[in-house]
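The values are calculated or read from the model by the stated rules, or taken from the named source; none is laboratory data. As the structure is a prediction and not an experimental result, all values here were calculated from the model. Cβ placement follows ideal geometry from the backbone for every residue including glycine, while neighbour counts extend to all protein chains displayed.
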Amino acid sequence: MKSSALKFVSFLFLAMTIIPSFLVFAQILNMNQNKTLMFIGTVGWFVTAPFWMKK
Amino acid sequence: MALFSRKSLVTKLDAVNEFEREPVPEGKLKGWKSFVGTYAGEHTAGTEFVLGPLFVAHGVTASDLLWGLLIGNFLAVLSWAYLTAKISVKKRVTLYYQLEKIGGKNFALGYNLVNAGLFCFLAGSMIAVSATAVGIPFDLPMPTLNDIYPNSVGWVLTVMVVGAITTVVAMFGFDQVARFANLAAPWMIMIFIAAAVAVLPELGVTSLSDFWPVAETKIWNGVPLEGQSKFTFWHITFFAWFCNMAMHIGMADMSLLRYAKKWQYGFASSAGMILGHYIAWVASGILYALFLHQSANSTEFAPGPVAYNAVGIAGALCVIIAGWTTANPTLYRAGLAVQAINAKWKTWKVTLVVGLVTTVAAMFPALVMKLLEFVALYGLILMPAGAVIFADVYLLPKLGLQEEYAERAGLRFNTAAAATWVLTLLICLWLNLSFGIEIFFVGLPGWFIAVVLYVVASRLVQKRAV
């Protein structure tokens, strides 16, 4: 259960690395906001994923 | 620190030795999912940041690129499935062991050494790619497309630092690197796609219908950059097919696919082709086109700053990690291959020497700028070994000749296999020099030549023995 929740959080961070770019394309976000969100998504993924990704 | 634990290295070495000299047992076979994951991860790497932009630099048109990649990658997947996977499942041993059975210990050793040398250059190019991102905070002068030699002291120092770190980690921490590479793989492909999508508006694409006209005029406009040759549909098709020639037609992936329950798992390679050799190449080409657009066709060629300008720190990190996670296992494998000369040599010492050679090579930007040619040459040089295995497995028994002749005859060196390798490469060189057949294409006739040569040479060698 705990692992599933963590997985969910990891994938949210992973989504944060790609979805903002589509919002830039749709002219909803600007480039700077995109860069910040992608960085947060990157850090979040690398901090959370090692706990459940064994190999 | 676990990263520098000797124990992990020993454990890894033990793992590498698993079933090295025996067929993989039934209980150790793996399902298709693990092959999909492995191929997707292995083929989304640091090289993708260089190859996609080089297609742009070589002036390919948009339609030639997209169709060429589609057909070339399709042919690559067929090669993996029908050649490599079929033989892997039939034999279930590593490429090295199969080569030893056919060509003898000394032949396999020669293959290992050549492979190690090629691995060094590949790892070197990836260290250089990482260095372009590491150098961003220091405002490092970046190499240009036509550079051959190091262009500044700063460049040399940056490469030395990245090379030293890569070497030390390869010496002591392969397990952690492999784990980190798996962790980075899904993130990396996200960054590739995200970066390309985010910069499209800057190229003038604000709706899907804008994409094609912009692709044809601003991204892959068909005009090569100064000093670069012109690429056509055929260059792209053959490059996409043969860039991993060593792995499929050359049979290096026997070591991986011998674990497949069915030969059809060879089709799992399509995951790597779609993500790495289609989406990532297209994406990195788009990023480079934006750079060219903004810099008035500057000849500077540095994946780090290109990715950083597009998506900030995440982009620069992606270049560093992609380069590093490709360079590291490659360096480690090169060390193991060299160590095969003398098992008494300490792996870490061999890796240290290999790392030094690799780092020196990485200082020369030509390694990155000529990556297309190098990758093609890499596949070509190792291809005859795969042709020898193919002929040995399928043709020799049908022609009344003995397969795995070195093992059966107790030879340490099978002249037929060695002559096939050397003569094939000499004929390919002759085709290149005399008829102008470019290195990207010569592998195709080369494979047929190698098969015929091996059959003829085997008949001569085995007849003489009788």
Counting only residues that are aliphatic (A, V, I, L, M) and surrounded by 14 or more Cβ atoms within 10 Å (Cβ to Cβ), which one in the stretch B:203-222 is nearest to the other protein chains (Cβ to nearest Cβ)? B:Val205
Condition test on B:Leu200, is it assigned to a helix (DSSP H, G or I), touching a Phe, Trp or Tyr at 6+ places or on another chain (Cβ under 9 Å), within 14 Å of chain A (Cβ to nearest Cβ) and over 23 Å from A:Gln33 (Cα atoms)? no
B:Thr167 is checked against (1) at pLDDT below 95; (2) within 17 Å of B:Ala316 (Cα to Cα); (3) more than 14 Å from every other protein chain (Cβ to nearest Cβ); (4) crowded, with 17+ Cβ neighbours inside 10 Å and fails just one. What number does that condition carry? (2)
Suppose the filter is over 28 Å from A:Phe25 (Cα atoms) and of a type in the set (D, E, K, R); does B:Lys218 pass it? no
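Of these, B:Ala240, B:Ala194, which one is in a helix (DSSP H, G or I), of a type in the set (Gly, Ala, Ser) and farther than 16 Å from B:Tyr39 by Cβ?
Only one candidate qualifies: B:Ala194.
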At pLDDT 95 or above and more than 9 Å from chain B (Cβ to nearest Cβ), is that true of A:Leu6? no
So, in the stretch B:454-466, how many residues would count as being under 16 Å from B:Ala391 (Cα atoms) and surrounded by fewer than 23 Cβ atoms within 10 Å (Cβ to Cβ)? 7
I'd like to check something: does the stretch B:267-287 contain any residue that is surrounded by fewer than 24 Cβ atoms within 10 Å (Cβ to Cβ) and either assigned to a loop (DSSP other than H, G, I, E, B) or free of Cβ contacts under 8 Å to residues at least 60 places away in the same chain (or both)? no
I'm trying to understand the selection: among the residues of the stretch A:2-51, which are β-branched (Val, Ile, Thr) and either touching a Lys or Arg at 6+ places or on another chain (Cβ under 7 Å) or outside any helix (DSSP H, G or I) (or both)? A:Ile28
Tell me, please, whether a residue that is more than 13 Å from chain A (Cβ to nearest Cβ), under 23 Å from B:Gly124 (Cα atoms), crowded, with 22+ Cβ neighbours inside 10 Å and touching a Lys or Arg at 6+ places or on another chain (Cβ under 9 Å) can be found in the stretch B:235-252. no
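Residues checked against (1) touching a residue at least 24 places away in the same chain (Cβ under 8 Å); (2) among the small types (Gly, Ala, Ser); (3) closer than 14 Å to B:Asn112 by Cβ:
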{"position": "B:Ala314", "(1), (2), (3)": "yes, yes, no"}
{"position": "B:Ile321", "(1), (2), (3)": "yes, no, no"}
{"position": "B:Thr326", "(1), (2), (3)": "yes, no, no"}
{"position": "B:Ala340", "(1), (2), (3)": "yes, yes, yes"}
{"position": "B:Lys344", "(1), (2), (3)": "no, no, no"}
{"position": "B:Thr358", "(1), (2), (3)": "yes, no, no"}
{"position": "B:Lys370", "(1), (2), (3)": "no, no, no"}
With the requirement that a residue be of a type in the set (D, E, K, R) and either part of a loop (DSSP other than H, G, I, E, B) or within 22 Å of B:Arg179 (Cα to Cα) (or both), what does the stretch B:300-340 give you? B:Arg333
Among (1) under 17 Å from the mean Cα position of the chain (by Cα); (2) among the aromatic types (Phe, Trp, Tyr); (3) under 24 Å from B:Lys86 (Cα atoms), which single condition is B:Tyr394 missing? (1)
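Yes/no per residue for (1) within 8 Å of chain B (Cβ to nearest Cβ); (2) surrounded by 15 or more Cβ atoms within 10 Å (Cβ to Cβ); (3) farther than 26 Å from B:Val205 by Cα:
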{"residue": "A:Ser10", "(1), (2), (3)": "no, yes, yes"}
{"residue": "A:Leu14", "(1), (2), (3)": "yes, yes, no"}
{"residue": "A:Pro20", "(1), (2), (3)": "yes, yes, no"}
{"residue": "A:Leu23", "(1), (2), (3)": "no, yes, no"}
{"residue": "A:Gln33", "(1), (2), (3)": "no, no, no"}
{"residue": "A:Gly41", "(1), (2), (3)": "yes, yes, no"}
{"residue": "A:Val47", "(1), (2), (3)": "no, no, yes"}
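So, in the stretch B:402-422, how many residues would count as being hydrophobic (A, V, I, L, M, F, W, C), more than 17 Å from B:Tyr96 (Cβ to Cβ) and over 28 Å from the mean Cα position of the chain (by Cα)?
Residues that pass the stated criteria total 1.
Residues are listed down the side, and each one gets a yes or a no for (1) over 23 Å from B:Trp241 (Cα atoms); (2) under 20 Å from the mean Cα position of the chain (by Cα); (3) modelled with pLDDT under 95:
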{"site": "B:Lys370", "(1), (2), (3)": "no, yes, yes"}
{"site": "B:Ile381", "(1), (2), (3)": "no, yes, no"}
{"site": "B:Ala387", "(1), (2), (3)": "no, yes, no"}
{"site": "B:Phe390", "(1), (2), (3)": "no, no, no"}
{"site": "B:Leu399", "(1), (2), (3)": "yes, no, no"}
{"site": "B:Ser434", "(1), (2), (3)": "yes, no, no"}
Looking only at the stretch B:407-437, which residues are surrounded by 15 or more Cβ atoms within 10 Å (Cβ to Cβ), of a type outside the set (Val, Ile, Thr) and outside any helix (DSSP H, G or I)? B:Leu411, B:Phe413, B:Asn414
Checked pairs for the stretch B:174-194, first more than 8 Å from every other protein chain (Cβ to nearest Cβ) and farther than 18 Å from B:Glu48 by Cβ, second hydroxyl-bearing (Ser, Thr, Tyr) and surrounded by fewer than 24 Cβ atoms within 10 Å (Cβ to Cβ), C-beta under 8 Å and 6 or more apart or across chains, list as B:Phe174/B:Ser8; B:Asp175/B:Ser8; B:Asp175/B:Thr11; B:Gln176/B:Ser8
Breaking point among (1) surrounded by 18 or more Cβ atoms within 10 Å (Cβ to Cβ); (2) polar (S, T, N, Q); (3) within 14 Å of chain A (Cβ to nearest Cβ), for B:Ser125: (3)
Please work out which residue is nearest to the other protein chains (Cβ to nearest Cβ), limiting yourself to the stretch B:299-331 and to residues that are among the hydroxyl-bearing types (Ser, Thr, Tyr) and buried (at least 24 other Cβ atoms within 10 Å of the Cβ). B:Thr325
